[in-house]
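S.K.: Got a structure for you, questions after.
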Amino acid sequence: MNIIDPDNPIPKYLQISAWIKELIQSGRYEKGGILPSEMELARICQVNRNTLRQAISELTAAGILQKKKGLGTFVCAETPLAIKHKLKSISSFSDDLRELGIKEKTRIIKKGAEEAKEQVARKLILSPSGGWVVAIRRLRTGNEVPFIYEESYLPYHTFKEILEMDLTGSMYQIIYERFNVTLARSDQTIRAVNLKGRIASYLDVPENTAALFMESLTYDDNNIPVELLYSYYRGDKYVFEVELGRYHIKEDA
């Protein structure tokens with residue numbers, strides 16, 4: 001069986017990195033073990049060395065492999081299980097990590113008040129002639145590994161005091177406890193993306209790495225939008241779980 005599926009739209013280097021992770025997870029290569037040479041791996045995978053090196057770089061950036069000059073490529077960590085995010089109730093990154101016993105840390109990249117862009121103003125139902133928002137950009141990590149880059153937008157007139165608060169924890173908890181806002185529901189849209197530029201850099205992965213993008217628009221119990229959240233999830237770190245109800249046959253009208 002070939003390691004590379006030419007009909008698979010996933011880039012070859014990502015197929016190889018997934019295969020290497022499976023080797024590690026199966027116990028074939030334990031922590032501290034050395035992988036075959038790049039030349040040998042390229043032969044096994046039937047790719048050129050540049051493609052193989054891109055796969056190795058992907059796993060090195062993820063903290064799974066370590067290259068030692070003149071010695072080879074070593075396994076420095078077990079491949080971590082992906083975090084499972086259940087799409088059946090509003091929950092935060094803090095909640096996901098707490099369930100797994102992973103130490104959370106949040107880096108505030110930028111926060112402040114800014115004039116809302118057209119799409120943000122429309123989603124939050126702000127004045128089209130100059131609505132302002134609180135904009136908060138954060139990097140969410142677990143055990144020092146970057147998992148999510150977030151951009152959060154909230155109506156300025158309601159949440160301006162949030163800029164003076166500690167924003168390294170759950171935003172949902174702050175909104176609920178400090179502003180007495182009930183988070184009643186959230187409309188979420190998910191799509192696959194390839195990470196570019198600064199976002200790839202924040203998440204410590206090569207450009208064009210596969211990721212998941214989620215847009216979340218959260219409403220209070222009066223059906224008024226209170227937060228628009230753009231989240232970029234590392235594709236190798238997150239799994240989304242959806243619970244569906246009973247199947248019903250649709251009757252003809």
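S.K.: Can you find a residue that is under 19 Å from Tyr202 (Cα atoms) and modelled with pLDDT of 90 or more anywhere in region 126-136?
M.R.: Scanning region 126-136, I find at least one residue that is under 19 Å from Tyr202 (Cα atoms) and modelled with pLDDT of 90 or more, so the answer is yes.
S.K.: It is to be established whether one or more residues within region 165-174 are of a type in the set (A, V, I, L, M, F, W, C) and outside any helix (DSSP H, G or I).
M.R.: Within region 165-174, one or more residues are of a type in the set (A, V, I, L, M, F, W, C) and outside any helix (DSSP H, G or I).
The rows are residues; the columns are (1) outside the structural domain of Gly131 (by TED's automatic domain parsing); (2) aromatic (Phe, Trp, Tyr); (3) at pLDDT 95 or above; (4) within 21 Å of Glu241 (Cα to Cα).
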residue: Leu154; (1), (2), (3), (4): no, no, yes, no
residue: Phe159; (1), (2), (3), (4): no, yes, yes, no
residue: Met171; (1), (2), (3), (4): no, no, no, no
residue: Ala192; (1), (2), (3), (4): no, no, no, yes
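S.K.: Are there helices (runs of 4 or more DSSP H) fully within region 11-71 with at least 3 residues that are at pLDDT 85 or above and over 28 Å from the mean Cα position of the chain (by Cα)? List them.
M.R.: Fully inside region 11-71 and qualifying: 38-45.
S.K.: Moving on. Please give the number of the condition Glu150 fails out of (1) at pLDDT 90 or above; (2) charged (D, E, K, R); (3) surrounded by fewer than 19 Cβ atoms within 10 Å (Cβ to Cβ).
M.R.: All conditions are met except number (3).
S.K.: Among the residues of region 4-38, write down those that are farther than 23 Å from Ala192 by Cα and surrounded by 11 or more Cβ atoms within 10 Å (Cβ to Cβ).
M.R.: Hits for region 4-38 are Leu23, Ile24, Gln25, Arg28, Tyr29, Lys31, Gly33, Ile34, Leu35, Pro36, Ser37, Glu38.
S.K.: Among the listed residues Ile108, Ile175, Ile162, identify the single one that is surrounded by fewer than 16 Cβ atoms within 10 Å (Cβ to Cβ) and farther than 21 Å from Gly235 by Cβ.
M.R.: Values: Ile175 fails: surrounded by fewer than 16 Cβ atoms within 10 Å (Cβ to Cβ); Ile162 fails: surrounded by fewer than 16 Cβ atoms within 10 Å (Cβ to Cβ).
On inspection, the qualifying residue turns out to be Ile108.
The values are calculated or read from the model by the stated rules, or taken from the named source; none is laboratory data. Source: prediction; values computed, not measured. Every residue, glycine as well, gets a Cβ built from its backbone with ideal geometry; the counts of neighbours run over all protein chains shown.
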